[in-house]
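Structure, as structure tokens:
The values are calculated or read from the model by the stated rules, or taken from the named source; none is laboratory data. As the structure is a computational prediction, the values presented were derived from the model and not from experiment. Glycine also receives a Cβ, built like all others from the backbone with ideal geometry; neighbour counts cover every protein chain displayed.
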Amino acid sequence: MLENRPYLKFLVQGIGFLAAFAAFTVTSLYFAQNKMIYLPGAPIQYPNDNPEGYKNPGERGMLYKEIETVTSDNLRLKGWFIHQRNPKKHNTVIFMHENAGNIGLRMDFFELLYSKLEVNIVTFGYRGYSYSEGSPSEEGLKLDADAIIDYVKSEKEIDQNTVFLQGRSLGGAVAIHTAVKYGDYFKGVIVENTFTSMADMVDRVMVFASKIKGFILKNHWRSIDLVAKIEQPIMYITGKQDELVPFEMTLELHENTHKSKQKEVYIVFPGTHNDTWLVESKVYVEKLRRFMSDSLVIARESGEYIYENVKPKVKKGKKKGNFNDEF
């Protein structure tokens, strides 16, 4: 039948090709999704391969030690505890980093917090990032956050009653999840240039996939649902010129934060996605300083100063080399 109508034959073949291509595209987007979202090697995987001044905090004159923690699925994460000379006299910021590159590439930001805000900083590479074991995924990063908190709670040089949580971009989603889970352990939460959900980001950066996102998404990061549960003081920071995550998403997160003891938005009008902390750094530091001070007052008035150090978890089995030899 079709051989007598060539155009119908080609039409059927064309439809078959398009159906196969669509199926291939959907399948590829699903299975390759983690590699598209989590980019540990972009542009550099390991801190020791960074330019001078970005390999470790000691190159900038910052006191630090190399640290590690173990996840519940038995992966070893590695990072830095960048500390002041008398650490327990200073606030501590746990920093959840963005989706690309190693922790050393954030050195300029760490130096700003260290020298101007005078805080301690705890930062780890997520699984698969820097020198941490494993491969990244949403569920994996949530387990990483648990392990990071385990480390902070066990670190004797940290005042457990002055711990703050900060996350930028993807790290903001990690921070929001962690803030909800651990409640008032954090005296305040700082979320910078993050998105409402991964589904909303598909609409933003992969418009062609919007209609099928329900089928392809296995990373969700639905921060827009979680922020309604946050009770700690929270500061949202957004760049008005953000070219990747529209600043309106931050306003939406702020609007949906109903239970927080104190919430605020700091809009950096000249700021883009990666430089809100840089373009008006003096104002940025003072905003954080005031937020931390106010948050600690709220904590004292609420009687939240109750935390003590706990014993660290130890990974079972054979140790894979010495951390100091690798990092």
Task: Members of the stretch 178-196 that are on the phi > 0 side of the Ramachandran plot and in a loop (DSSP other than H, G, I, E, B) - done: Asn193
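Restricting the search to the stretch 207-240, which residues are polar (S, T, N, Q) and surrounded by 15 or more Cβ atoms within 10 Å (Cβ to Cβ)? First the steps, then the outcome.
To start, the set of residues in the stretch 207-240 that are polar (S, T, N, Q) comprises 210, 219, 223, 232, 238.
Residues satisfying the conditions are Asn219, Ser223, Gln232, Thr238.
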Open item on the list: For a quick check of your reading: which helices (runs of 4 or more DSSP H) sit entirely within the stretch 246-327 and have at least 1 residues that are over 20 Å from the mean Cα position of the chain (by Cα) and modelled with pLDDT of 85 or more?
Closed with: 247-255, 276-279, 281-302
Open item on the list: Considering only residues that are surrounded by 12 or more Cβ atoms within 10 Å (Cβ to Cβ), at pLDDT below 65 and either closer than 14 Å to Asn99 by Cβ or not hydroxyl-bearing (Ser, Thr, Tyr) (or both), which ones fall in the stretch 18-32?
Closed with: Val26
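Given Ala179, Ala228, Ala147, which one is farther than 18 Å from Val93 by Cβ and among the small types (Gly, Ala, Ser)?
Numbers: Ala179 fails: farther than 18 Å from Val93 by Cβ; Ala147 fails: farther than 18 Å from Val93 by Cβ.
Of Ala179, Ala228, Ala147, the one residue that is farther than 18 Å from Val93 by Cβ and among the small types (Gly, Ala, Ser) is Ala228.
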Task: Pair list, Cβ < 7 Å and 6+ apart or interchain, from the stretch 206-231 residues that are touching a residue at least 12 places away in the same chain (Cβ under 8 Å) and within 30 Å of Lys263 (Cα to Cα) to residues that are surrounded by fewer than 16 Cβ atoms within 10 Å (Cβ to Cβ) and of a type in the set (Gly, Ala, Ser) - done: Glu231/Gly183
Task: Near pairs, Cβ below 9 angstrom, 6+ apart or cross-chain, from the stretch 128-145 (closer than 14 Å to Asn102 by Cβ) to any residue that is crowded, with 24+ Cβ neighbours inside 10 Å and among the β-branched types (Val, Ile, Thr) - done: Tyr129/Ile103; Ser130/Ile103
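To keep it simple, each residue is scored yes or no on (1) at pLDDT 95 or above; (2) among the hydrophobic types (A, V, I, L, M, F, W, C); (3) not in a helix (DSSP H, G or I).
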residue	(1), (2), (3)
Met201	no, yes, no
Lys211	no, no, no
Phe215	no, yes, no
Lys218	no, no, yes
Trp221	yes, yes, yes
Ala228	yes, yes, no
Thr238	yes, no, yes
Gln241	yes, no, yes
